[in-house]
Amino acid sequence: MDIKVISRNVGQALLISSLFMFLSLMVSVLNGRDSSMGPLAISFIITFTVGIFPFIFVRKTSSISLQDGFMIIVLSWLLSFIFGMLPYVLWGGEFTLINAWFESVSGYTTTGSTILTDVESLPKGLLFWRSSTHFIGGLGVVVFLLLIMPDASPFRMRLTNIELSSLSREGYRFRSVKTVHVIAFVYVALAATETLLLNLAGMSFFDAVNHSFSTVATGGFSTRNSSIAYYDSPVIDIIIIVFMTLSSIHFGLLFGVFATRSLKTFRHPVVKFFLGTLASLSVLVALSLKFSGTYDSWGKAFLDATFQVTSFLSTSGFATADNATWPVLANALLMYAVFQCGCSGSTTGGVKSDRMLIAFKSIGRQLKQNLHPSSIMQLRIGNHFMKDGAAFSAILYIVLYIIVLLVSFIILLIAGVDTAEAFSGCLSSLGNAGPALDSISSMGNYSAQPAVAKFVFSMDMILGRLEIYPVFIVLSMIFGRRK
């Protein structure tokens, strides 16, 4: 590994964080120099200094190995988490060291879990910083890094291929040089459009920007204690449902809508599977709420069910109701949503709809193969025939995902965490969704969880956001060098 090259490019990722710290500082200044001004100013100076330091001693180069690429990705995320803690730690309040780490990881991984019991007590500068970590993490620290790189080098190509899964890359139909621009265009366009619509619907401009950052990143940090329920507006609910849904779809396919001015994108088999899942779960949850007596009105039951299902399936984590008061069936369906989540190539977490579709198709093919042993059957998704290796890779990832989930769950049980909270918390954290069951539901928070639970949940968030493999590869590289 080339330490100099790695340090220079990780430094670029820190400079991106420092830029948003500076913007947060400006928000603090514009709001009467609130109590976050000092912590943000100090954090900006420290992060900018550390980020710019490698540029003084290391020459720019486009030469990089694949191992360097993996190390850059993992270190960019890890150091972003660490430096992202600074504004919280320096501000104080509820932010102990473990709480600041948890909040920073939750922000950058776009999980949206929080340890705060009173979000509205935070100054606006710090609120904007929380939402900014979503915005940075949603697009990806590494994709931000690629956007500011001046040349289309093998470095850019390798890092693009690492940040996006193979399932994601199939849908873009762009060279790697253009892929990041496609992602960035759609991402910024969605955020700007939603900000405008939310502002027109009655949300203040500051709240609209913050919620747009959280929505397109499918994160969930809100400026209000009761999340979207605070506004009590069906119009705002519907706007956010639409943008949570759009942010869960492959950004390359969304770009195709702009480029071709056609809605054929929504005929893509993965998109149809995702939207079908969303519609089916929404109906089932609404029926569960109505027949259990939780809701008297069909309209309110369907609106809240659709909002919560979209929030969990997109891993956004916003709330218009507290799922802790909902029946068991409704919560079981929400937990499935957290497991599957949205499409590859979007900002969602979880196993991804792509892999789930491949898994279901593979099971169906295997059943048919058992019934007709002499026949030759290929796995087909839409008009595309998949190789057995691609299907095996998707299923293997699901198995690895479940193993990580079970190991985390067992650790928390040993630590004495409640069974329902331990399992749902691990599932939600690994899926980067945020809300879970009981005290950590959509209207709850993680403040009462023990330190070991917060640490395990944060590790799950990291593994979920990086899709497990890069972290394991870097660990094998480190221990391999020692041996």
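The values are calculated or read from the model by the stated rules, or taken from the named source; none is laboratory data. Quick caveat: nothing in here was measured; it's all calculated off a predicted structure. Neighbour counts run over all protein chains shown; Cβ positions are idealised from the backbone, glycine included. When the accessible area is computed, the model is the full protein with side chains, heavy atoms only, and any ligands, DNA or RNA have been set aside. Shrake-Rupley method; radii C 1.70, N 1.55, O 1.52, S 1.80 Å.
Apart from one condition, A324 fits all of (1) surrounded by 15 or more Cβ atoms within 10 Å (Cβ to Cβ); (2) within 27 Å of G137 (Cα to Cα); (3) of a type outside the set (S, T, N, Q); the exception is (2).
Here's the yes/no breakdown for (1) farther than 27 Å from I136 by Cα; (2) at pLDDT below 90; (3) in contact with a strand residue (DSSP E or B) (Cβ under 7 Å, 6 or more places away or on another chain):
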position: L367; (1), (2), (3): yes, yes, no
position: L371; (1), (2), (3): yes, yes, no
position: M377; (1), (2), (3): yes, yes, no
position: L412; (1), (2), (3): yes, no, no
position: C426; (1), (2), (3): no, no, no
position: A436; (1), (2), (3): no, no, no
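A single member of F302, F307 is open to solvent by less than 10 Å² (accessible area, probe 1.4 Å), at pLDDT 95 or above, of a type outside the set (A, V, I, L, M) and out of contact with any strand residue (DSSP E or B) (no Cβ under 7 Å at 6 or more places or on another chain), and it is F307.
In this structure, S204 does not qualify as over 15 Å from F128 (Cα atoms), among the small types (G, A, S) and open to solvent by 10 Å² or more (accessible area, probe 1.4 Å). Criterion applied to F251, F221 was being open to solvent by less than 10 Å² (accessible area, probe 1.4 Å), over 24 Å from P435 (Cα atoms) and aromatic (F, W, Y), and the one residue passing it is F251.
Could you go through segment 445-452 and let me know if any residue there is over 18 Å from A100 (Cβ atoms) and either open to solvent by 40 Å² or more (accessible area, probe 1.4 Å) or in contact (Cβ under 8 Å) with a residue 40 or more places away in the chain (or both). Among the residues of segment 445-452, not one is over 18 Å from A100 (Cβ atoms) and either open to solvent by 40 Å² or more (accessible area, probe 1.4 Å) or in contact (Cβ under 8 Å) with a residue 40 or more places away in the chain (or both), which makes the answer no. Of all residues assigned to segment 241-248, none qualifies as being closer than 27 Å to A192 by Cβ and at pLDDT below 85.
On the basis of being part of a loop (DSSP other than H, G, I, E, B), in contact with a helix residue (DSSP H, G or I) (Cβ under 9 Å, 6 or more places away or on another chain) and under 30 Å from F479 (Cα atoms), does T114 make the cut? For T114, the condition - part of a loop (DSSP other than H, G, I, E, B), in contact with a helix residue (DSSP H, G or I) (Cβ under 9 Å, 6 or more places away or on another chain) and under 30 Å from F479 (Cα atoms) - is not met.
Residue by residue, here is whether (1) outside any loop (DSSP other than H, G, I, E, B); (2) under 19 Å from the mean Cα position of the chain (by Cα); (3) closer than 29 Å to D460 by Cβ; (4) modelled with pLDDT under 95 holds:
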| residue | (1), (2), (3), (4) |
| --- | --- |
| A152 | no, no, no, yes |
| F174 | no, no, no, yes |
| I183 | yes, yes, yes, yes |
| A189 | yes, yes, no, yes |
| L198 | yes, no, no, no |
| D207 | yes, no, no, no |
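Yes or no: segment 410-419 includes at least one residue that is surrounded by 19 or more Cβ atoms within 10 Å (Cβ to Cβ) and either over 24 Å from the mean Cα position of the chain (by Cα) or under 19 Å from F102 (Cα atoms) (or both). Checked against the condition, which is being surrounded by 19 or more Cβ atoms within 10 Å (Cβ to Cβ) and either over 24 Å from the mean Cα position of the chain (by Cα) or under 19 Å from F102 (Cα atoms) (or both), segment 410-419 yields at least one hit. When segment 390-408 is limited to residues that are free of Cβ contacts under 8 Å to residues at least 60 places away in the same chain and open to solvent by less than 50 Å² (accessible area, probe 1.4 Å), the one that is farthest from the chain's Cα centre (by Cα) turns out to be A391. Here F128 does not fit the description of being open to solvent by 10 Å² or more (accessible area, probe 1.4 Å), assigned to a helix (DSSP H, G or I), more than 17 Å from C426 (Cα to Cα) and at pLDDT below 95.
Checked against the criteria, A332 counts as surrounded by fewer than 21 Cβ atoms within 10 Å (Cβ to Cβ), under 30 Å from A321 (Cα atoms), out of contact with any Pro (no Cβ under 9 Å at 6 or more places or on another chain) and not polar (S, T, N, Q). When F22, F44 are checked against the criterion of being touching a Leu at 6+ places or on another chain (Cβ under 9 Å), among the aromatic types (F, W, Y), open to solvent by less than 60 Å² (accessible area, probe 1.4 Å) and assigned to a helix (DSSP H, G or I), a single residue qualifies: F44. State whether one or more residues within segment 228-235 are crowded, with 21+ Cβ neighbours inside 10 Å, touching a residue at least 60 places away in the same chain (Cβ under 8 Å) and within 25 Å of M335 (Cα to Cα). Within segment 228-235 (the criterion being crowded, with 21+ Cβ neighbours inside 10 Å, touching a residue at least 60 places away in the same chain (Cβ under 8 Å) and within 25 Å of M335 (Cα to Cα)), the answer is yes, since at least one residue qualifies. Scanning segment 25-41 for residues that are of a type in the set (S, T, N, Q) and either open to solvent by less than 30 Å² (accessible area, probe 1.4 Å) or assigned to a helix (DSSP H, G or I) (or both) yields S28, S36. One residue stands out in segment 349-378 among those that are β-branched (V, I, T) and open to solvent by less than 10 Å² (accessible area, probe 1.4 Å): the one that is farthest from I403 (Cα to Cα), namely I358.
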